[in-house]
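Undergrad: Before we start, here is the structure in question, set down as structure tokens.
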Amino acid sequence: MNTVLQYICVPLGYLMKWCWQLIPNYGLAIILFTLATKVILLPLSIWIQKNSIAMVKIQPAVNFLKVNHYGDGDTIAEEQTKLFKKEHYHPMLSLVPLALQIFLLLGVVEIIYHPLTFLFAADRDVITSLAEFIGADLSGSSYQLAIIDAIQGGRISAGMTIDGVSAEALSSICSAAGRLDLSFLGLNISKIPGEVLGWYFAVPVVAGVSSWVLCFTQNLSNVIQHEQGKLSKYGLMVVSVGISLYLGFFVPAGIAIYWVASNLFSVLQMYILNACINPKKYVDYAALEESRRQLAAIAALDKTDKGSAAYKEERKREKADYKRFFGIVGKHVVFYSEKSGFYKYFEGLIKELLSRSNLTVHYVTNDPDDIIFTVAKGNPRIQPYYIGLRKTIPLMMRMEADIVVMTTPDLDKYYIKRSFMKKDIEYIYVPHDMMSIQASFREGAFDAFDTIFATGEHIKDEIRATERVYGLREKRVVEFGYPLADRLRELGHEANEKRAERAPGAPREILVAPSWNEDNLIDSCMDGLISSFCKEGYHLTVRPHPEYVKRFAAKMRAVQDRFADVPEKYLTFELDFSKNSSIYTSDLLITDWSGVGPEFAFATGRPVLFVDTKFKCLNPNYEKIGLVPVEVSLRNEIGMAISKDEVAHADEYAEELFDNAAEYEKKISDVFSAFVYNHGHAAEAGAKYILSSLIEKRKKNS
């Protein structure tokens with residue numbers, strides 16, 4: 001026996017001997033011994049319970065650390081260590097129960113295999129002589145059990161002459177061994193089930209079930225195990241049940257008794273500790289769930305094949321661009337874009353900045369195929385960087401620039417944070433549509449911005465009202481406009497010219513362009529809408545939102561299948577989103593809450609038929625500021641709104657709009673003129689503000 005195991009077994013041997021003396025049945029003594037170890041170690045169990053609660057209590061903070069510093073493993077580790085020290089949490093303490101269980105198990109195995117040593121304190125030489133007398137293998141583990149079996153079977157008895165064993169020693173051992181009751185529930189606990197089989201087959205089954213019960217209840221109620229992932233939970237269950245089956249089959253049944261008793265007492269102890277030190281009093285489970293949600297969301301951002309050559313090349317490119325970005329000091333203006341499609345919102349601004357100054361524009365994009373890389377080839381003063389979203393998170397936290405321009409809302413709320421390195425960066429929000437911001441964005445989506453580029457007076461009113469209601473600091477609101485509005489008008493003018501070229505008597509072109517949010521036209525009333533126009537004089541084109549087709553392809557196919565027999569001259573489904581000619585060449589647009597409605601009206605001067613499906617709203621508290629979102633108020637100014645129950649007669653409402661087309665054209669033009677700032681020179685106004693702000697910062701720092 002090695003020294004470490006000796007130190008473990010000696011005190012445990014005394015405890016086992018005391019239990020056996022109290023209850024002569026060895027099986028019951030093992031159960032009492034197991035209970036006694038639980039009681040002795042109770043203070044440690046309480047400490048572990050409190051430590052586990054501390055871990056779960058700070059888990060939301062740990063998760064938020066991982067969200068805030070996603071992709072920056074060194075910072076996460078450093079900040080997590082600080083958090084553990086602050087909260088007096090000991091991460092290694094979670095290994096103590098496992099270590100104790102292993103040491104106790106090793107000790108019990110040694111004691112049960114060697115009762116002559118630990119229960120009867122027999123001399124080692126005497127034991128060796130008795131083993132040699134019966135021909136037991138001293139290199140095996142069970143030779144002492146074989147000696148006891150020989151004594152109880154009459155092959156060794158007091159009065160015999162055995163070399164190396166005195167008559168007194170033999171009498172004492174035979175007397176003690178004769179009193180050792182090894183039977184328990186009809187089984188001899190010294191037997192190894194795998195060798196004798198029969199009813200002993202029940203031993204590993206019971207051992208395995210007890211482990212399953214322990215793991216199952218811990219997954220439900222253990223302070224820390226309940227919060228672990230499925231892999232950890234069920235992985236531990238598989239390992240534990242596997243160990244139980246091994247113990248049940250290949251070691252004496254007495255060891256399995258200890259294992260079963262230990263598992264069941266652990267279940268009882270867990271519920272007692274939970275009742276006395278209830279985790280629910282200390283843990284904010286709502287915050288824990290929110291932190292998990294955010295962590296899961298950010299972990300799902302990268303779904304690329306990490307083994308592919310393209311992925312490796314992108315990571316290499318990203319690493320080089322990340323290093324290059326931080327290798328440049330004195331960056332004045334940085335634009336941040338999530339994907340290539342967002343360049344159009346920055347294009348006018350960037351062109352104006354370059355033409356009015358000698359600035360270098362730094363452009364960070366999450367899209368490796370962003371059009372900015374092509375644009376930059378023709379202008380060395382545009383410095384583009386491909387940085388994936390994961391690396392963008394630490395990049396933004398380390399940002400050092402004078403101004404950061406972005407279309408991404410929710411700054412400082414989710415993944416994208418304000419810089420930790422430079423506190424006086426001016427963050428500017430650039431709009432990517434002309435509509436309201438109070439309902440279509442999350443509550444507080446713009447609180448962390450310093451400056452808002454407003455498309456029109458309605459945005460300024462919403463920002464100021466939000467600041468008053470919530471007591472927020474006043475932001476700069478720049479009368480910017482919407483540079484794309486002028487391009488929309490050009491598209492609308494070109495489309496109107498194409499419409500004028502149609503043959504006389506051609507059917508009216510009706511475009512249905514639903515959103516993809518809950519209760520959209522496709523899900524709520526598409527059948528009635530299609531049926532109302534499937535007749536002479538109309539051609540209906542259904543152009544679903546690309547996101548709807550991506551997410552709900554089966555639903556889209558079902559709609560197409562239901563109208564498969566309708567001739568193409570009446571109905572077409574347009575699923576090629578690379579083309580958008582149908583949007584502006586149509587005579588009438590029908591939509592729900594899609595942003596394409598106002599764009600169509602302002603671009604073409606033609607009215608829109610709106611269907612009042614469920615209002616598209618990301619901020620349930622938008623009414624607090626006391627303003628009506630323009631997407632609601634505009635509906636009956638640039639068109640007509642009908643209920644879902646009225647779509648069966650949509651053709652009649654469409655004719656009413658056609659009959660009053662001239663009046664709507666003038667009304668839409670008047671609304672547009674008052675609705676958007678700086679017609680024709682919005683980008684110029686934005687660039688002038690940025691340059692003036694940079695000059696102001698330079699004066700302040702000089």
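The values are calculated or read from the model by the stated rules, or taken from the named source; none is laboratory data. Fair warning: this is a prediction, and the values are worked out from it, not measured in the lab. Here the Cβ positions follow ideal geometry from the backbone for every residue, glycine too, while neighbour counts run over all protein chains shown. With ligands, DNA and RNA removed, areas are computed over all heavy atoms of the protein, side chains included. Shrake-Rupley method; radii C 1.70, N 1.55, O 1.52, S 1.80 Å.
Undergrad: Looking at (1) modelled with pLDDT under 80; (2) surrounded by fewer than 19 Cβ atoms within 10 Å (Cβ to Cβ); (3) of a type in the set (S, T, N, Q), find the lone condition where THR128 falls short.
TA: (1)
Undergrad: Only one of these conditions is not met by SER440: (1) of a type in the set (Gly, Ala, Ser); (2) part of a loop (DSSP other than H, G, I, E, B); (3) at pLDDT 90 or above. Which number is it?
TA: Only one criterion in (1) of a type in the set (Gly, Ala, Ser); (2) part of a loop (DSSP other than H, G, I, E, B); (3) at pLDDT 90 or above is unmet by SER440, namely (3).
Undergrad: Which residues, counting only those in the stretch 7-52, are touching an Asp or Glu at 6+ places or on another chain (Cβ under 7 Å) and either at pLDDT 80 or above or not in a helix (DSSP H, G or I) (or both)?
TA: PRO24, ASN25, TYR26
Undergrad: Whether any residue in the stretch 384-392 is aromatic (Phe, Trp, Tyr), without any contact (Cβ under 8 Å) to a residue 60 or more places away in the chain and touching a strand residue (DSSP E or B) at 6+ places or on another chain (Cβ under 6 Å) is what I want to check.
TA: No; the residues of the stretch 384-392 include none that is aromatic (Phe, Trp, Tyr), without any contact (Cβ under 8 Å) to a residue 60 or more places away in the chain and touching a strand residue (DSSP E or B) at 6+ places or on another chain (Cβ under 6 Å).
Undergrad: Here is a follow-up. Looking at ALA654, is it at pLDDT below 95, of a type in the set (A, V, I, L, M) and open to solvent by 40 Å² or more (accessible area, probe 1.4 Å)?
TA: No.
Undergrad: With the checklist (1) surrounded by fewer than 21 Cβ atoms within 10 Å (Cβ to Cβ); (2) part of a loop (DSSP other than H, G, I, E, B); (3) touching a residue at least 40 places away in the same chain (Cβ under 8 Å) in hand, flag the one item TRP593 doesn't pass.
TA: So TRP593 meets the others, but not (1).
For every residue, the table says whether it meets (1) out of contact with any Phe, Trp or Tyr (no Cβ under 9 Å at 6 or more places or on another chain); (2) within 18 Å of GLY254 (Cβ to Cβ).
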| site | (1), (2) |
| --- | --- |
| SER141 | no, yes |
| ILE147 | no, yes |
| THR161 | yes, no |
| ALA169 | yes, no |
| ILE173 | no, no |
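Undergrad: Now for a different question. Quick one: how many residues across the stretch 638-683 are touching a Phe, Trp or Tyr at 6+ places or on another chain (Cβ under 9 Å) and not in a helix (DSSP H, G or I)?
TA: Residues meeting the conditions: 9.
Undergrad: Mind checking whether some residue in the stretch 356-370 is more than 27 Å from PHE480 (Cα to Cα) and free of Cβ contacts under 8 Å to residues at least 12 places away in the same chain?
TA: no
Undergrad: A follow-up question, please. Return the residues of the stretch 475-510 that are of a type in the set (Val, Ile, Thr), closer than 30 Å to ASP461 by Cβ and touching a residue at least 40 places away in the same chain (Cβ under 8 Å); say none if nothing qualifies.
TA: The one that is of a type in the set (Val, Ile, Thr), closer than 30 Å to ASP461 by Cβ and touching a residue at least 40 places away in the same chain (Cβ under 8 Å): VAL478.
Undergrad: A follow-up question, please. Consider GLY537 against the criteria (1) at pLDDT 90 or above; (2) farther than 13 Å from ASP587 by Cα: it satisfies all of them except one. Which criterion is unmet?
TA: Status for GLY537: all satisfied but (2).
Undergrad: Then there's this: Using beta carbons and a limit of 9 Å, which pairs, at least six apart or on different chains, have the first residue in the stretch 173-195 and without any contact (Cβ under 8 Å) to a residue 24 or more places away in the chain and the second one open to solvent by less than 30 Å² (accessible area, probe 1.4 Å) and in a helix (DSSP H, G or I)?
TA: Note: pairs meeting the criteria are CYS174/ILE151.
Undergrad: Now for a different question. Give the stretch 608-633 a look and list any residue that's open to solvent by 10 Å² or more (accessible area, probe 1.4 Å), out of contact with any Asp or Glu (no Cβ under 7 Å at 6 or more places or on another chain) and within 18 Å of PHE675 (Cα to Cα), or say none.
TA: VAL628, VAL630, GLU631, VAL632, SER633
Undergrad: Inspect the stretch 341-358 for any residue being closer than 27 Å to MET434 by Cα, under 31 Å from the mean Cα position of the chain (by Cα) and not in a helix (DSSP H, G or I) and give the result as yes or no.
TA: no
Undergrad: Enumerate the pairs (first residue in the stretch 237-253 and within 19 Å of GLN218 (Cβ to Cβ) and in contact (Cβ under 8 Å) with a residue 12 or more places away in the chain; second residue anywhere and outside any loop (DSSP other than H, G, I, E, B) and open to solvent by 50 Å² or more (accessible area, probe 1.4 Å)) with beta-carbon separation below 6 Å, excluding pairs fewer than 6 apart on the same chain, so at least 6 apart or on different chains.
TA: Once the first residue is within 19 Å of GLN218 (Cβ to Cβ) and in contact (Cβ under 8 Å) with a residue 12 or more places away in the chain and sits in the stretch 237-253, its partners that are outside any loop (DSSP other than H, G, I, E, B) and open to solvent by 50 Å² or more (accessible area, probe 1.4 Å) give VAL241/TRP212.
Undergrad: Hey, another quick one. Looking only at the stretch 29-41, which residues are of a type outside the set (Val, Ile, Thr), in contact (Cβ under 8 Å) with a residue 24 or more places away in the chain and open to solvent by 20 Å² or more (accessible area, probe 1.4 Å)?
TA: Hits for the stretch 29-41 are LEU35, LYS38, LEU41.
Here is a yes/no grid of residues against (1) open to solvent by less than 60 Å² (accessible area, probe 1.4 Å); (2) at negative phi:
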| residue | (1), (2) |
| --- | --- |
| ILE147 | yes, yes |
| ARG155 | no, yes |
| GLU168 | no, yes |
| LEU185 | no, no |
| ILE189 | yes, yes |
| TYR200 | yes, yes |
| SER211 | yes, yes |
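Undergrad: Ok, one more. Within the stretch 219-266, which residues are aromatic (Phe, Trp, Tyr) and modelled with pLDDT under 80?
TA: TYR234, TYR246
Undergrad: Within the stretch 511-535, track down each residue that is free of Cβ contacts under 8 Å to residues at least 40 places away in the same chain and touching a Lys or Arg at 6+ places or on another chain (Cβ under 8 Å).
TA: Residues satisfying the conditions are TRP516, ILE522, ASP523, ASP527.
Undergrad: So which residues in the stretch 384-418 are closer than 23 Å to ALA687 by Cα, open to solvent by less than 50 Å² (accessible area, probe 1.4 Å) and in a loop (DSSP other than H, G, I, E, B)? Break it down into steps so the answer makes sense when it comes.
TA: Here is the first cut: in the stretch 384-418, the ones closer than 23 Å to ALA687 by Cα are 384-385, 396, 399-409, 411, 418.
Then drop every residue that is not open to solvent by less than 50 Å² (accessible area, probe 1.4 Å), which leaves 384-385, 396, 399, 401-409, 411, 418.
Within the stretch 384-418, MET399, ALA401, ASP402, THR407, THR408, PRO409, LEU411, ARG418 meet the criteria.
Undergrad: Does at least one position in the stretch 536-551 carry a residue that is out of contact with any Gly (no Cβ under 7 Å at 6 or more places or on another chain) and without any contact (Cβ under 8 Å) to a residue 24 or more places away in the chain? Show your work before the answer.
TA: The initial filter retains those residues of the stretch 536-551 that are out of contact with any Gly (no Cβ under 7 Å at 6 or more places or on another chain), namely 536-551.
Those still in the list that are without any contact (Cβ under 8 Å) to a residue 24 or more places away in the chain too: 550.
Among the residues of the stretch 536-551, at least one is out of contact with any Gly (no Cβ under 7 Å at 6 or more places or on another chain) and without any contact (Cβ under 8 Å) to a residue 24 or more places away in the chain, which makes the answer yes.
Undergrad: Need pairs with beta-carbon distance below 9 Å; first residue under 18 Å from LYS351 (Cβ atoms) and within the stretch 682-702, second among the polar types (S, T, N, Q) and part of a helix (DSSP H, G or I); sequence gap 6+ or separate chains.
TA: Once the first residue is under 18 Å from LYS351 (Cβ atoms) and sits in the stretch 682-702, its partners that are among the polar types (S, T, N, Q) and part of a helix (DSSP H, G or I) give ALA687/SER355.
Undergrad: What residue, among those in the stretch 449-470 that are among the small types (Gly, Ala, Ser) and crowded, with 18+ Cβ neighbours inside 10 Å, is farthest from PHE602 (Cα to Cα)?
TA: Let us first name the residues in the stretch 449-470 that are among the small types (Gly, Ala, Ser), namely 454, 456, 465.
With the extra rule that they be crowded, with 18+ Cβ neighbours inside 10 Å, the set shrinks to 454, 456.
Numbers: ALA454: 18, GLY456: 14 Å.
Top of the filtered list is ALA454.
Undergrad: Let me ask something additional. Please identify the pairs in which a residue from the stretch 606-632 that is farther than 25 Å from ASP523 by Cα has its Cβ atom under 7 Å from the Cβ atom of a residue that is β-branched (Val, Ile, Thr) and not in a loop (DSSP other than H, G, I, E, B), counting only partners at least 6 apart or on another chain.
TA: If the second residue must be β-branched (Val, Ile, Thr) and not in a loop (DSSP other than H, G, I, E, B), the pairs left are LYS624/VAL469; ILE625/THR466; ILE625/VAL469.
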